[in-house]
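Engineer: Input: one structure, supplied below.
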Amino acid sequence: MQKTVKRIAGIALILLAFESQAQQVDTTKVYQLNPVTITATKTQKSIADVGRSVTVITSDDLKNSIYNDVGDLLSRQEGIYVVGATQNPGSLQSVFIRGSNSNQTAIIIDGIRITDPSSVDNAIDLSELSLSDIDRIEIVRGSHSTLYGSSAIGGSINIITKKSSAIGFNANAQVKTGTFGKNTSSYTENLGLNYTYKSGLYINGEVFNTNVKGINVTSDTITNPNVFKHLNLRDNFTKTDLMGKAGFRNNKLDIYTAYKSVNQKTDIDDGAFKDDDNYQLDFKRDLITYGLAYQVNDKIKLSYIGGRTDLTKVSTDDSSAVNKKGTTDRTFFEGIYKGKIANNELQGNLRLKGLDAVIGGGVYQESMTLKTYYTNVAFNYVSKTNLDTLDPKAVTHNTFMHVDLNGILLSEKLKAFSVGLGTRYTNHSLFGRNLTYEINPSLKISGNTLFYGAYTTGFNAPPLYRLYSPEKNTTSGVTRGNKTLKAETSQSYEIGIKQKVNENVFFSMAYFNTVTSNLIEYVYLWNKNKEIKSLSFADYRGDTYTNIGKQINRGIEFGITTKISNKLSFSGNFALLNGKLEYNPANVDTSHTKGNHIQTFTNGIFLTKKAESLSLVRRPSSFNISFTYNPITKLAFKADTRYVGARNDIYYNNSLGPFGALATTGMEDYTLIDLSLKYDILKTLAATIKFENMLDTKYNEIKGYSARGKGVFFNFRYQFTSTKI
């Protein structure tokens, strides 16, 4: 801890040395009730005028953020639950919006959808996203495939990175350190530099680094002293991000190219309750994005955006200890997973009185491969997998159009009425054609009240692994991969209201209902010639992925922001959620399953007739409350309360069929309280202390895994702007 204090003091002295040259920069919180959003319609529009459930996390919000990463920040927004956000830093983080699955949310960086093609479900792990280099985050809840294509069933999250800044040299530096449990530590440094020329040319560079000595990720439930366990086994995490961007923008032209490199190492375990002393995951992503926008005149804008990402994950598990003598299981596993994405898109915008339109099209390409090697020396057993020869890839061509029409086109008396219409045509190289559309009417009353409705459709393309996985059952000949899979499709409607009470109070509320069809599930196959009750291990006929039924989610969301006085402000939100699964044997492609008995792995149901499951997992209702108090201009107190309701989680039940399957178990609700204090030492230097989980609440976010305990974090942030170098 002494070394940490010395490092912080040293950096603080260096930053103070610049103070005499710096222009004064006001870091006071700026309240914006109507920030501009481009994600909802791909045109600039105020939140108050968008007939969808939208949240914009502004640059000021991010600058004053006390949160650890993107996942932690998103988990405080209504309708969003991020599994893993309160666990050990670096733990897998999966996002659930409005109860949709974790791979049914589009994660976008500067308009480019980012996924993990090498994973089983093609979902991104949010732990790779730090808060550095972000200008703002725009969240749109509900199906949004008309504008963003695959995955946008639950919603879309667009992370927009920094561009130009104040003319001259700009620098910001941040140092954060703290602890979140016994013998834990976290140390993070972030340095960003920018030079912006009067001509409009700008150059950015940023580096982010974090080192964590963490908690034991898995829960320790072993009470028998004679049973071996890895004592005080801690899971650590290191991460380094490098970012650079160069561009030019003025009133007519906006052109840029950017590069981001993510490198992280995470200690992982064998699963719930199962420690592993030699299991590590190395992750690397290289992301290149580029764009060009030209404002032809005040009515027409043309733009092109593109991006390419390459990622590699290497998981290594080398001979874990199995007893107190240090004897190992003499096994070795290595998995190398690679994924590539290329995305290019052209777009044109037309703005007339009473009409905003966007039309575009593009090509999205993704590919993946994996190699695994496993050996058990004790049994002289070796297993290898290599997907290179299968060349798993998919190409998607698409065209889209969205238009916002205002009643003023017909009459001045109808200007309070608007309707948004959108459609997207998609041609996927494997599952074929898909058409999505949306209808979004709204009515604005007295300039302060907006009533809206939305009927939207969405789709989610099958992940490459589920299409191509080559494992084959020798008896049935059925492969795990299923190239006949259809895309998951959704139909969703919502009704809502947005109310601006006055300049200081704004609230919104929405009701939604989403039905996702052609749901893809992982299933076991069993001998069709045997009765289910008499099945044995010998009747196993393989495992595969198949379209199997529907998922239905419905709920209510509410959010409010208010400035109670010049010194006190408040924000809050809640989401009430309900959902179920409906299975139908008629949805199954029996040509692939060979007519064998189907057992779902997610809940053990044998699909002999229509069935329902009311046990959606990790879909809690929740609410968040935040108070900020400024007794003086330089000082801010903040109190955050987060409540997560009771929910279901999963565990392996070996009584469900010959192999067993997953079953659900209830998880208790929990409440977390965070307190923070921010003080502007100088107008360019601020210090923050945050007390996380103040009451040291004992809880589990996921069954079998530990959550962070009471923590304290110190943060120093410095901003420097000068027209001189």
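The values are calculated or read from the model by the stated rules, or taken from the named source; none is laboratory data. What you see is a predicted model; the values in this text were computed from it and never measured. Here the Cβ positions follow ideal geometry from the backbone for every residue, glycine too, while neighbour counts run over all protein chains shown. Just so you know, the surface numbers come from the protein's heavy atoms only, side chains and all, with ligands and any DNA or RNA stripped out. Shrake-Rupley method; radii C 1.70, N 1.55, O 1.52, S 1.80 Å.
Engineer: Can you work out which of the residues in region 318-363 that are under 20 Å from D125 (Cβ atoms) and either in contact with a Cys (Cβ under 7 Å, 6 or more places away or on another chain) or in contact (Cβ under 8 Å) with a residue 60 or more places away in the chain (or both) is surrounded by the fewest Cβ atoms within 10 Å (Cβ to Cβ)? Break it down into steps so the answer makes sense when it comes.
Structural biologist: Start the filter on region 318-363 by keeping residues that are under 20 Å from D125 (Cβ atoms), which leaves 333-341, 343.
Going one step further and asking which of them are either in contact with a Cys (Cβ under 7 Å, 6 or more places away or on another chain) or in contact (Cβ under 8 Å) with a residue 60 or more places away in the chain (or both), we end up with 337-341, 343.
Values: Y337: 22, K338: 19, G339: 24, K340: 16, I341: 21, N343: 22.
Residue satisfying both the conditions and the ranking: K340.
Engineer: Right, next: Can you say whether L92 is closer than 25 Å to I336 by Cα, hydrophobic (A, V, I, L, M, F, W, C) and surrounded by 22 or more Cβ atoms within 10 Å (Cβ to Cβ), as far as the supplied structure shows? Lay out the reasoning, then the answer.
Structural biologist: Details: closer than 25 Å to I336 by Cα: yes; hydrophobic (A, V, I, L, M, F, W, C): yes; surrounded by 22 or more Cβ atoms within 10 Å (Cβ to Cβ): no.
Against the criterion (closer than 25 Å to I336 by Cα, hydrophobic (A, V, I, L, M, F, W, C) and surrounded by 22 or more Cβ atoms within 10 Å (Cβ to Cβ)), L92 does not qualify.
Engineer: What single numbered condition from (1) among the hydroxyl-bearing types (S, T, Y); (2) touching a strand residue (DSSP E or B) at 6+ places or on another chain (Cβ under 7 Å); (3) open to solvent by 70 Å² or more (accessible area, probe 1.4 Å); (4) more than 19 Å from T489 (Cβ to Cβ) fails to hold for T399?
Structural biologist: (4)
Engineer: Among the residues of region 633-647 satisfying the criterion of being free of Cβ contacts under 8 Å to residues at least 60 places away in the same chain and assigned to a strand (DSSP E or B), which is farthest from D696 (Cα to Cα)? Write out each step before concluding.
Structural biologist: Filtering region 633-647 for residues free of Cβ contacts under 8 Å to residues at least 60 places away in the same chain gives 634-635, 637, 639, 641, 643, 645-647.
Now drop any that are not assigned to a strand (DSSP E or B), which leaves 635, 637, 639, 641, 643, 647.
Values: L635: 26, F637: 20, A639: 15, T641: 13, Y643: 14, R647: 21 Å.
Only one residue tops the list, namely L635.
Engineer: Another question, if that's okay. Is it the case, given these coordinates, that G595 is in a loop (DSSP other than H, G, I, E, B), modelled with pLDDT under 95 and open to solvent by 30 Å² or more (accessible area, probe 1.4 Å)?
Structural biologist: yes
Engineer: For the structure I just gave you, tell me whether S571 is in contact (Cβ under 8 Å) with a residue 24 or more places away in the chain, out of contact with any Leu (no Cβ under 7 Å at 6 or more places or on another chain) and outside any strand (DSSP E or B).
Structural biologist: Working: in contact (Cβ under 8 Å) with a residue 24 or more places away in the chain: yes; out of contact with any Leu (no Cβ under 7 Å at 6 or more places or on another chain): yes; outside any strand (DSSP E or B): no.
When the stated conditions are applied, S571 does not pass them.
Residue-wise test of (1) charged (D, E, K, R); (2) more than 25 Å from G154 (Cβ to Cβ); (3) in a loop (DSSP other than H, G, I, E, B).
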position	(1), (2), (3)
G579	no, no, no
G604	no, yes, yes
S626	no, no, no
P631	no, yes, no
D649	yes, no, no
S655	no, yes, yes
L662	no, no, no
G666	no, no, no
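Engineer: Within region 129-151, track down each residue that is within 23 Å of R466 (Cβ to Cβ), open to solvent by 10 Å² or more (accessible area, probe 1.4 Å) and not in a loop (DSSP other than H, G, I, E, B).
Structural biologist: Passing the criteria: only Y148.
Engineer: Let me ask another. Any residue that is farther than 26 Å from V217 by Cβ and surrounded by fewer than 17 Cβ atoms within 10 Å (Cβ to Cβ) - is there at least one of those in region 265-279? Spell out the reasoning first.
Structural biologist: Pass one, region 265-279, residues farther than 26 Å from V217 by Cβ: none.
Checked against the condition, which is being farther than 26 Å from V217 by Cβ and surrounded by fewer than 17 Cβ atoms within 10 Å (Cβ to Cβ), region 265-279 yields no hits at all.
Engineer: Next question, about the same structure. What pairs come up if the first residue lies in region 175-194 and is farther than 17 Å from T86 by Cα, the second is part of a loop (DSSP other than H, G, I, E, B) and open to solvent by 20 Å² or more (accessible area, probe 1.4 Å), and their beta carbons are under 6 Å apart, counting only those six or more places apart or on different chains?
Structural biologist: Close Cβ pairs (under 6 Å, with a partner that is part of a loop (DSSP other than H, G, I, E, B) and open to solvent by 20 Å² or more (accessible area, probe 1.4 Å)) amount to N194/S165.
Engineer: Of the numbered conditions (1) within 29 Å of L464 (Cβ to Cβ); (2) in a strand (DSSP E or B), M509 fails exactly one; give the number of that condition.
Structural biologist: (1)
This table checks each residue for (1) modelled with pLDDT of 95 or more; (2) of a type in the set (S, T, N, Q); (3) under 30 Å from the mean Cα position of the chain (by Cα); (4) more than 26 Å from H144 (Cβ to Cβ).
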residue	(1), (2), (3), (4)
N434	no, yes, yes, no
Y437	yes, no, yes, no
L450	yes, no, yes, no
T457	yes, yes, yes, no
K472	no, no, no, yes
N502	no, yes, no, yes
A510	yes, no, yes, no
Y522	yes, no, yes, yes
L525	yes, no, no, yes
